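Enquirer: Mind looking over this structure? Questions follow.
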Amino acid sequence: MNDSINGSKTEALLSVKELSIGIRRDIEGKKTLLSSVENISFNLNPGEILGMVGESGSGKSLSALSIAGLLDENKEVTNGSIIFRGLGGARDLLAVTEKEFQTIRGKEISMIFQEPFQALNPLMRVGNQIAETLELHSEKDKLKNKKSVMELMEKLKLPGPKELIKAYPHQLSGGMCQRIVIALAIICRPSLLIADEPTTALDQETQDQIISLLKEINCELGVSILFISHDLAVIKKLCSRVLVMYSGRILEEGNTGEVFLNPAHEYTRKLLGSIPGKSKRGADLAAIPGRIPSLEEGRPNGCPFHPRCEKAVSLCKEKFPLIKTISETHKTRCVLGSTE
């Protein structure tokens, strides 16, 4: 059954359908493929910022890496399709060869990672690293590429572009390196930008600046963004729509405002209850008992959250819930729905 709970009628830029991903682990001396992501479906529309949120181990980053064609040899897509409607027309990215993906990755689909220092070459000046992407995918004129890099830096309001292009990563702060990584990711004007926890390692002020920068890129360049985070407060600031993932499943999806005002799954309620704020000053934040099951333990039958859910009933343990409609743009996978 299609697991999508997206109410949009717009033809999606990206359509993920019944995607399942396994991870190979050495169990008793034998490589065994264990289920990490199971039958998830969602759409990302042109010009949209879609958030994907959940605790560590929920399958967010693994899903993103599969879209970008960056799964390592110990991870494997076992089911589904990833239809991307880019410059080359509609393509199933799971059927694209690595050689073909090299013409897509960086040009039509780009990715921002959590650790900018690991994403940048420490031995190259940052200006040359950004220009290298242009040279790889389109323009061979070095002077023209340098001009394009300078113009982009100015557009992104990066300070002192003339000096900045000559700097090495170690000479810059983490926040500035993340801005360089963003510039590198969008220099070829991709249709899709995947941002995997890009603000996690940054202080609050720098985090807000990166969020503001991503909003500008989305508005001015029309780039669609898949934004991955464990932090619902960040999702609220940036994303128009949100997917809530747990143990490799999508449990809730909807317009961000609706999900925050009327969470329909107990897991979402618990996540929202853990967000600090002025109204909660001095009070204990909500905690979710237990933890996400490990790959070796396996996903429980029924709703995967039921072992940690204080409101679980017997039906929650029997089978994964069908989609329940809360509104045209807000749906969940919970037998209890939005009723308190």
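The values are calculated or read from the model by the stated rules, or taken from the named source; none is laboratory data. Fair warning: this is a prediction, and the values are worked out from it, not measured in the lab. Every residue, glycine as well, gets a Cβ built from its backbone with ideal geometry; the counts of neighbours run over all protein chains shown.
Enquirer: Considering only residues that are among the aliphatic types (A, V, I, L, M) and at pLDDT below 95, look in region 187-207 and name the one that is surrounded by the most Cβ atoms within 10 Å (Cβ to Cβ).
Expert: I187
Enquirer: Are any residues in region 81-97 buried (at least 18 other Cβ atoms within 10 Å of the Cβ) and in contact with a Lys or Arg (Cβ under 6 Å, 6 or more places away or on another chain), and if so, which ones?
Expert: F84
Enquirer: Of (1) under 30 Å from P122 (Cα atoms); (2) crowded, with 19+ Cβ neighbours inside 10 Å; (3) touching a strand residue (DSSP E or B) at 6+ places or on another chain (Cβ under 8 Å), P263 satisfies all except one. Which?
Expert: Result: P263 passes all but (1).
Enquirer: Mind checking whether some residue in region 98-112 is aliphatic (A, V, I, L, M), surrounded by 13 or more Cβ atoms within 10 Å (Cβ to Cβ), farther than 30 Å from A233 by Cα and free of Cβ contacts under 8 Å to residues at least 40 places away in the same chain?
Expert: Yes, there is a match, as at least one residue in region 98-112 is aliphatic (A, V, I, L, M), surrounded by 13 or more Cβ atoms within 10 Å (Cβ to Cβ), farther than 30 Å from A233 by Cα and free of Cβ contacts under 8 Å to residues at least 40 places away in the same chain.
Enquirer: Does I210 qualify as being outside any loop (DSSP other than H, G, I, E, B) and crowded, with 23+ Cβ neighbours inside 10 Å?
Expert: no
Enquirer: Considering only strands (runs of 3 or more DSSP E) fully contained in region 2-96, which possess at least 2 residues that are modelled with pLDDT of 95 or more and under 18 Å from R333 (Cα atoms)? Write out each step before concluding.
Expert: On the way: elements: 14-27, 30-44, 49-53, 75-86, 89-92.
Per the criteria, 14-27, 30-44, 49-53.
Enquirer: Would you mention how many residues in region 97-115 are of a type in the set (S, T, N, Q) and in a loop (DSSP other than H, G, I, E, B)?
Expert: 2
Enquirer: So in region 116-137, with the set limited to residues that are outside any helix (DSSP H, G or I) and buried (at least 16 other Cβ atoms within 10 Å of the Cβ), which one is modelled with the highest pLDDT?
Expert: R125
Enquirer: Also, quick follow-up: Among the residues of region 213-250, how many are surrounded by fewer than 24 Cβ atoms within 10 Å (Cβ to Cβ), within 15 Å of the chain's Cα centre (by Cα), of a type in the set (V, I, T) and in a helix (DSSP H, G or I)?
Expert: Final tally of qualifying residues: 1.
Enquirer: Say we look at region 27-41 and pick out the residues that are hydrophobic (A, V, I, L, M, F, W, C) and over 11 Å from R249 (Cα atoms); which of these is surrounded by the fewest Cβ atoms within 10 Å (Cβ to Cβ)? Lay out the reasoning, then the answer.
Expert: Taking region 27-41 and keeping what is hydrophobic (A, V, I, L, M, F, W, C), we get 27, 33-34, 37, 40.
After this cut, where a residue has to be over 11 Å from R249 (Cα atoms) as well, the list is 27, 33-34.
Numbers: I27: 11, L33: 15, L34: 15.
Among those residues, the one meeting the criterion is I27.
Enquirer: For F260, only one of the following conditions fails: (1) among the aromatic types (F, W, Y); (2) within 16 Å of S56 (Cα to Cα); (3) without any contact (Cβ under 8 Å) to a residue 40 or more places away in the chain. What is its number?
Expert: Going through the list (1) among the aromatic types (F, W, Y); (2) within 16 Å of S56 (Cα to Cα); (3) without any contact (Cβ under 8 Å) to a residue 40 or more places away in the chain, F260 breaks only (2).
Enquirer: Just to be sure I understand, how many residues within region 289-311 are in contact with an Asp or Glu (Cβ under 8 Å, 6 or more places away or on another chain) and of a type in the set (A, V, I, L, M)?
Expert: Looking only at that region, the number is 1.
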